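First comes the structure, then the notes that go with it.
We did not get these values from a lab; they are worked out from the coordinates using the rules stated. Note that the structure is predicted; figures quoted are calculated from it, not measured. In this analysis, Cβ positions are derived from the backbone assuming ideal geometry, glycine residues included, and neighbour counts consider all displayed protein chains.
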Amino acid sequence: MNQPDKHRQRIADIFSSDALHQHQIDAAQKTYSAFNNDVRAVVTAAEMQAGKSGIALALCCFQRLNLSDTDICDRKQLKDTLYLVTMPDTALRNQAEDDLKLAKNVVVSNFVNFEKALEADFKGNPPKLIIIDECHYGSNVSGIRYSSVFDYLEQENDTCKVVFISATPFGALYGAETEYQEALEICTEAEEEHNDELLHESQQAANDALRDSILRRDFGTRLVFHKTSDEYYGVREMLLNGRLKHLDDNCRNFLIDSDQRLSFMNQFKQHEGMGWSLVRVPAGNAMDAKQLFISQGIEEHNIFILGNSLSGVPEDELSTIDRFKKEFEDAQLFGDKLVAITVAGCRAGINFGAMMKNNLISTWDSTVASVAAVVQANVGRACGYHDNNTSMHYTNSNAAEAYGAILDYLERTCSDQAASDFEGLKEFFDDICQEYQVNGLDVGLTIKYKRRRPIGDVETYATDSYVAVPAKLLDHEFDFNLFTQDKHMLAAITILREEFTKKGAPSVKGNRAMRGKKKNWIKAQWVNGDSYDNREKAGVDGPQKDRTIMLTDMLNNKEFVEFNRVVAPGSGELSENKLITATVFSIYNISRRKVIKTMMTEHDVWDMCDHFNIAHDDTMFILYKRGEYDIDKTLAKKEHNKLPEKTGDLRDESQFSMKQ
C-alpha cells in the first residue's frame, strides 16, 4: 500500500534498528533542527570513529520524514539526498554505500562525479539535502574545492540544504579564509614592489579563496558538535588514562634508537596472545622499518606494508588493507602477533572494526604536521566503541592534547545547540595552536606563506595563591584582614572597590579602566552577564564562571597554574608587569554586545559566593597573586619566537591517498 504512514514507519524501523545508536540520532536531529529560513549549511563535528556514518544515515531519514504526505508517496521524489565522498577513492565510496544502504532516498557519489550524479539520479527532482563527508579535505590547493557545490546551490538549487561532517573540520572552516588573508598580504607586497604580474595572480588567488570557503555568509552556517555516549573511547580518554607517549624531534624517527622505541618494542614482545601494532613512518622508510622488526625477532610473514606503489617498496612487498584484515582473522586462530606499516601520505581513514581495535597492542606515528594529521592517523584508528584501554600510542602528544582541548570547547559551546560565532571560534583555535605549540589545526591546508604567530608575553610566572572576598561596596569599614593579610591583596581590594564607588553609590558600567601608575600593577576582568556563562563567546578556558572554578580548583589541588594564563594579557599588556589579577563578578557590570543577557543577576553572584563559601553580596572578587619566575617556560617561548617568521608553501603531509 502506497500510504504515507507506511513510508514513515519504514523510517521509524531504521531508527529503532541496530543500525543506529541514540547518540547518532540525537546528533542528526540537532543538525537537521539547525536548518531554517536563514540557515542552509551546518557543519557537524564528531570525534574520530564516533559514528559519523550513522549520523549521515539518520540525516537521510530526517530528510525523508520532512516530506509532505503527497511527496513521500511519489516514487519520482524518492531520491532527495546526495552524499558526497570528498576523496576519489572507490573503497571509501563503497564503504559509504554499504553504511547508507538502509536509506533508500540517498545517492552516494564523490566530487569528481558530482555533476554526473545530479544529471543521472535527480532528473526533474533536484536534491533537497547534500551531505559532504570528511570535509577537512576541502582546503587543499590540489584537493577538493567547494565552489562548484556552492555555485550549484546558489545558482541552480536555492532551496537545497548542505551538511559538512568531519572529526576535524577546522581547515574547511578557515583554510580558504587563511589563503584569502595570505593572498591579500602578497597583494600589498606586489603593489609596493610594482609587480603587476604578482599583483594579478594574488588578486585572483584571493577571489578564488573566497569562493572556496564553506563559510558563505548568505548560507548562515552553523556548527554542531556530536556528543558521544559513555561507551566511547577516544583521544581524551587516552590522555586521561596515560596511554599517549610523546614523540619529539629527537625520537620521532622510528629507525633511530630511543627509550620510546625500546618501550614500544618491549610492549609488543611481552604482549601475551594475539595482537597487532600499527607503525607510521616517513615515505621511503617502510622497508627499513620492516627490516628493523625482523632484526628484533619478528617473523617476516607477520609484517605487512600497507599501500599502493610506495616509494622504495617492491610491489610484492605491498599489502592491501583488505588482505591485512584477512591475515588478522587467520592470526587469531594461531595467536600470532602482526605488524602493519604505513607511510605518511597513505590513507589511514579506514575503520578497522571493533575486533581489531580490541586486539591493538600499540601504535607509532611519525607525523609532525597539524593537529588533524595526528588524530586522523593512528590514534584516530584506535578510537571508537570498544573495550581496549591498554594499548599505548606513541605520537605527537601536543597535537593530541590540543585536539582534546578543542573537543572540550566544542562540547561546552555547541553540543546542546548550534553555534554561529565562527570569529570567536577562530580566535580560540589560534590560541590553541599557540598554547600547545603545534604547527596548525588541520589537514589539507596549503598556503603561499604561513606566518608564525610570535608569543608576545614570554616572561612566565607561576600563580602563587588566590583569595575570594565579598566586595562589601557599601560597607566602608569592612575589615578584609578576615580573608587575607597580604598587603598587595589588601591594596588591590581597596582599588577595586574605589572603581565602583567613585561617585558615591555603585553604578552600572560597561568597562572600568584601571588607569594610573598606582593601578597598573593590577589586571581586572569585569565579568558581566555575557562573559559569565555564555559558552559561545568563551575563551580557551571557557566562560568566566567555569574558568574561575577550574583555575582555583587547580590551585587548591597544588597544581601548577601559569600566571600568564590567569592574566590573559591583551592590547600590549605583559604578565610580568602585573602583580595581582582580579576577576570581578558583579551586578554592576554590563555587556555592550547585543545579547539576551547583558548583566549578571544577583543569584549569579550568590552562586559564586556559595562556591567559595563567602557571604552573599552583589559583587565579589577573586584575586590571584603572581608567584615565582619560571625560567624553563620563558626560554621555551623565546625559542619559539626565534623560528622563521614565515616559510614557503606549507603543505600538510597527510592526504591519506593510497599512492606515494
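Numbers at a glance
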| item | result |
| --- | --- |
| Top positive-direction residue, dipole computed over the range 461-629 with Cβ charges, set Asn556, Tyr466, Ala615 | Tyr466 |
| Point-to-point label distance, Asn520-Arg75, nm (Cα→Cβ direction, 7 Å offset) | 8.1 |
| Cα centroid separation - the range 482-510 against the range 56-122, whole Å | 63 |
| Amide hydrogen neighbours beyond the local backbone of Ile131, cut-off 5 Å, H modeled | Leu82, Tyr83, Leu84, Val163 |
| Rounded FRET efficiency, nearest 0.05, which uses the C-beta distance separating Ile549 from Val112 and R0 of 45 Å | 0.35 |
| Cα-based Lys pair tally, the range 235-396, threshold under 17 Å, eight or more apart or on separate chains | 8 |
| If the convex hull is drawn through the Cα atoms of the range 248-327, its volume per residue in Å³ | 102 |
| For His386, residues with placed amide H under 5 Å, excluding near neighbours | Tyr233 |
| Rg/Rg_globular for the range 461-629, with Rg_globular taken as 2.2 N^0.38 Å and Rg from C-alpha atoms | 0.97 |
| All-pairs alpha carbon distance profile, the range 238-397, 10 Å steps from 0, percent | 10, 45, 39, 6, 0 |
| Extension reserve of the Asp330-Phe422 stretch, reckoned as 0.36 nm per residue once the Cα distance is removed | 28.2 nm |
| Amide H contacts under 5 Å for Thr363, placed H, 5+ residues apart | Leu278, Met392, His393, Tyr394 |
| Lys104 versus Tyr385: modelled label distance in nm, points set 7 Å from Cα along the beta carbon direction | 2.6 |
